[in-house]
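Undergrad: Input: one structure, supplied below.
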Amino acid sequence: MTLTKAFSKAAKTYDTHAHIQAQAADTLFKKPLPQNVLHILEIGCGTGYLTQKLFTNYPNAHITAIDLSEEMLQEAQKKISSPNITFQKSDILTFESNQTYDLIISSSTLHWVTPTHKLVKKLHTLLTSQGTLLFSCFGPNTFHELASAIQHPIPAQKFPPLTTWTSLLTDYFTKIETTSDVHTKTYTTLHDLLKTIKKTGTHNPSAQPIWTPKKLATLDTTYRQNHNEIIATYELFFITAKKMKF
């Protein structure tokens, strides 16, 4: 199963379990937003949580909302429909448009896009000369407790650190502002944590260990011995930048 299929499978359960992702979108939207925006590109719109906020704040702008998952897009379209919103199935690295955008925005998505340097260059290309980039993403310390307990690689360990984002953005953007935040969430059992990860599609199915009841029970005990409880860290970055003129 690919990552796209994992998100597609989680489309109907995503909103129920994606509490941290919703908080990230809320925090992102509290950042200073540009004015006089006519064209917006939202990357990884998912079930449309951020899309709704964009439409409320920019009712006269045209929003292009893209996502890899057709099922996620279907859920988004159930929430919001307008002639000013175009939902499109696409990967940002292969996305093509004759339009440039005043605002490119994304929440809890860009950490999945590799290679990061190609992503940054593509974002620069898609922005207008005065365009703004605004996004949130997860950092490599996300779920570090889980990685330590299971002794098995997890996708978050490959997410770019904030220093990488800053370094790459410097080549194409100016007025770069970054903040980081750490959320910790406690779960009743390890099974509940793993269920949340599965129901939001935020896992790598091809690299996922097979969890038998015995393994889960042993791992739950180990996790509690290491951390006293089933706790998970979510490392979040919030980044805004203006397009650099060459």
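Please treat every number below as a calculation from the coordinates, not as lab data. Bear in mind that the values here come from a model prediction, so they are computed numbers and not experimental data. Positions of Cβ are backbone-derived with ideal geometry, glycine not excepted, and every protein chain shown enters the neighbour counts.
Undergrad: Select from ILE63, GLY201, THR116 the residue farthest towards the positive end of the dipole of the stretch 49-203; place +1 on Cβ of Lys and Arg, -1 on Cβ of Asp and Glu, and compute about the Cα centre.
TA: Among ILE63, GLY201, THR116, the one farthest towards the positive end of the dipole of the stretch 49-203 is GLY201.
Undergrad: Oh, and also: Nearest 20 debye, what's the magnitude of the dipole of the stretch 92-221 about its Cα centre given +1 on Lys and Arg Cβ and -1 on Asp and Glu Cβ?
TA: Details: 11 positive and 8 negative charges, 83 e Å.
Here the stretch 92-221 has a charge dipole of around 400 debye.
Undergrad: Tell me, CYS45, CYS137 in order of fewest to most beta-carbon neighbours within 10 Å? Write down the numbers at each step before the final one.
TA: Values: CYS45 30, CYS137 25.
Ascending Cβ contact count within 10 Å gives the list CYS137, CYS45.
Undergrad: Within the chain, which is the longest segment containing none of the GluC sites (Glu not before Pro) that sit in a DSSP loop and have at most 14 other Cβ atoms within 10 Å?
TA: Details: sites that count: GLU96, GLU229.
In short, 97-228.
Undergrad: Right, another one. Suppose a student asked you for the relative contact order of the stretch 38-133, using Cα pairs under 8 Å spaced at least 6 residues apart; what percent would you report?
TA: Values: 160 pairs, mean separation 31.1, N = 96.
So the answer I get is 32 percent.
Undergrad: Rank these for me by crowding, SER69, SER82, SER167, going from fewest to most other beta carbons within 10 Å.
TA: On the way: SER69 25, SER82 11, SER167 14.
Least crowded to most crowded, the residues run SER82, SER167, SER69.
Undergrad: Also, I was wondering about something else. Quick check: the angle from helix 70-79's long axis to the longest principal axis of the chain, C-alpha only, nearest 10 degrees?
TA: Around 70 degrees separate the two axes.
Undergrad: Only four residue types carry charge here, +1 at the Cβ of Lys and Arg and -1 at the Cβ of Asp and Glu. Report the dipole size of the chain about the Cα centre in Debye, rounded to the nearest 20.
TA: Dipole size: approximately 180 debye.
Undergrad: Rank these for me by crowding, MET244, MET72, going from fewest to most other beta carbons within 10 Å.
TA: Numbers: MET244 16, MET72 25.
Neighbour counts put them in this order, fewest first: MET244, MET72.
Undergrad: With contacts defined as alpha carbon pairs under 8 Å and 6 or more residues apart, what's the relative contact order of the chain in percent? It would help to have the intermediate numbers written out before the result.
TA: Numbers: 448 pairs, mean separation 62.1, N = 246.
RCO, the chain: 25 percent.
Undergrad: Turning to a different aspect of this structure: Over 30 Å between Cα atoms, which of LYS5/LYS245; LYS78/LYS158; LYS185/LYS243; LYS30/LYS79 qualify? Spell out each step's value before the answer.
TA: Working: LYS5/LYS245 38 Å; LYS78/LYS158 33 Å; LYS185/LYS243 36 Å; LYS30/LYS79 22 Å.
The pairs that break the limit, which is 30 Å between Cα atoms, are LYS5/LYS245; LYS78/LYS158; LYS185/LYS243.
Undergrad: Between (1) 67, 37, 35; (2) 59, 39, 37; (3) 56, 38, 29, which matches Cα extents along the principal axes in Å calculated for the structure shown?
TA: After the calculation, the listed value that fits is (3).
Undergrad: I've got another one for you. Which residue, GLY44, THR16, MET72, has the largest displacement toward the positive end of the dipole of the stretch 1-118 when charges sit on each Cβ (Lys, Arg +1; Asp, Glu -1)?
TA: Of the options given, the answer is THR16.
Undergrad: Can I ask one more? Once you have the Cα-Cα distance between PHE95 and SER129, take 0.36 nm times their residue separation minus that, and quote the gain in nm to one decimal. Mind dumping the intermediate values first?
TA: Values: separation 34, 0.36 × 34 = 12.24 nm, distance 1.91 nm.
Gain on stretching PHE95 to SER129: 10.3 nm.
Undergrad: List the aspartates and glutamates whose Cα sits under 14 Å from the Cα of LYS199, skipping any in the same chain fewer than 8 residues away.
TA: List returned: ASP15, GLU71.
Undergrad: Now a separate question. First select every other residue whose beta carbon is under 12 angstrom from the beta carbon of LEU68; then total the charges, Lys and Arg +1, Asp and Glu -1. Can you show the working numbers first?
TA: Values: positive: LYS5, LYS89; negative: ASP67, GLU70, GLU71, ASP91.
Every neighbour counted, the sum reads -2.
Undergrad: Helix 213-227 sits at what angle to the longest principal axis of the chain, using alpha carbons and giving 0 to 90 degrees rounded to 10?
TA: Tilt of helix 213-227: around 80 degrees.
Undergrad: Shifting gears a bit: Please compute the modelled spin-label separation between THR222 and THR16, points set 7 Å along Cα→Cβ, answer in nm with one decimal.
TA: Spacing of the two 7 Å Cα→Cβ label points: 3.0 nm.
Undergrad: Based on the Cβ-Cβ distance from LYS245 to ASP26, what FRET efficiency comes out when R0 is 25 Å, to the nearest 0.05? Show your work: numbers first, answer last.
TA: Numbers: r = 32 Å, r/R0 = 1.28.
Calculated transfer efficiency: 0.20.
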